[in-house]
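J.: Take a look at the following structure, please.
The values are calculated or read from the model by the stated rules, or taken from the named source; none is laboratory data. Everything quoted here is computed from the prediction, not taken from an experiment. All Cβ positions, glycine included, derive from the backbone under ideal geometry; neighbour counts span all protein chains shown.
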């Protein structure tokens, strides 16, 4: 029941919020608006980059997986079957491990950019 002459708590809180905005300086309002706009731009860029990477994901992962497997197979082939060759086995193994790590980093980037 509302008594005449008294205001409810909700109206008082709403008036306090309006008063706080009314007392802000113009630079505070512009700063607040710029922060909200920047947050919107960052969110739009995150979603756009995530969408592009999501479309390219099968190709990127397939290419990196192929480099990893072909490098491991070549290193194993030349190390076991052709022991006297001058094949750079260590370099190929490093490139294979690096491409496997890049797959993990790619998925970590995708998880980071995932819209919330």
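J.: Assess whether residue 67 counts as being out of contact with any helix residue (DSSP H, G or I) (no Cβ under 7 Å at 6 or more places or on another chain), assigned to a helix (DSSP H, G or I), surrounded by 10 or more Cβ atoms within 10 Å (Cβ to Cβ) and at negative phi. Lay out the reasoning, then the answer.
T.: Values: out of contact with any helix residue (DSSP H, G or I) (no Cβ under 7 Å at 6 or more places or on another chain): no; assigned to a helix (DSSP H, G or I): yes; surrounded by 10 or more Cβ atoms within 10 Å (Cβ to Cβ): yes; at negative phi: yes.
In short, no.
J.: List every residue pair whose Cβ atoms sit under 7 Å apart, with the two residues 6 or more apart in sequence or on different chains, where the first one lies in region 82-107 and is more than 27 Å from residue 59 (Cα to Cα) and the second, anywhere, is surrounded by 13 or more Cβ atoms within 10 Å (Cβ to Cβ).
T.: Filtered contacts from region 82-107: 85/78; 87/78.
J.: Same structure again: Only residues that are surrounded by 11 or more Cβ atoms within 10 Å (Cβ to Cβ) and more than 20 Å from the chain's Cα centre (by Cα): list them for region 54-63, please.
T.: Taking region 54-63 and keeping what is surrounded by 11 or more Cβ atoms within 10 Å (Cβ to Cβ), we get 54, 56-57, 60-61, 63.
Listed by number, the list holds a single entry, 63.
J.: Is it the case that region 96-103 has a residue that's exposed (fewer than 11 other Cβ atoms within 10 Å of the Cβ) and at pLDDT 75 or above?
T.: Start the filter on region 96-103 by keeping residues that are exposed (fewer than 11 other Cβ atoms within 10 Å of the Cβ), which leaves none.
Checking region 96-103: not a single residue is exposed (fewer than 11 other Cβ atoms within 10 Å of the Cβ) and at pLDDT 75 or above.
J.: Which count do you get for residues in region 70-81 that are assigned to a helix (DSSP H, G or I) and more than 39 Å from the chain's Cα centre (by Cα)? Working first, answer last.
T.: Kept after step one, since they are assigned to a helix (DSSP H, G or I), are these residues of region 70-81: 70-80.
Narrowing further to those that are more than 39 Å from the chain's Cα centre (by Cα): 78-80.
Final tally of qualifying residues: 3.
J.: If you don't mind, another one. Going by what's in this entry, would residue 51 be described as surrounded by 12 or more Cβ atoms within 10 Å (Cβ to Cβ) and either modelled with pLDDT of 60 or more or over 30 Å from residue 107 (Cα atoms) (or both)? So that I can check it myself, show each step before the final result.
T.: Numbers: surrounded by 12 or more Cβ atoms within 10 Å (Cβ to Cβ): yes; either modelled with pLDDT of 60 or more or over 30 Å from residue 107 (Cα atoms) (or both): yes.
So residue 51 passes the test.
J.: Being part of a loop (DSSP other than H, G, I, E, B) and touching a helix residue (DSSP H, G or I) at 6+ places or on another chain (Cβ under 7 Å) is the filter here; which residues of region 82-102 pass it? Step through it out loud before you land on a result.
T.: So in region 82-102, the residues part of a loop (DSSP other than H, G, I, E, B) come out as 82-88.
85, 87 - these are the residues of region 82-102 that are part of a loop (DSSP other than H, G, I, E, B) and touching a helix residue (DSSP H, G or I) at 6+ places or on another chain (Cβ under 7 Å).
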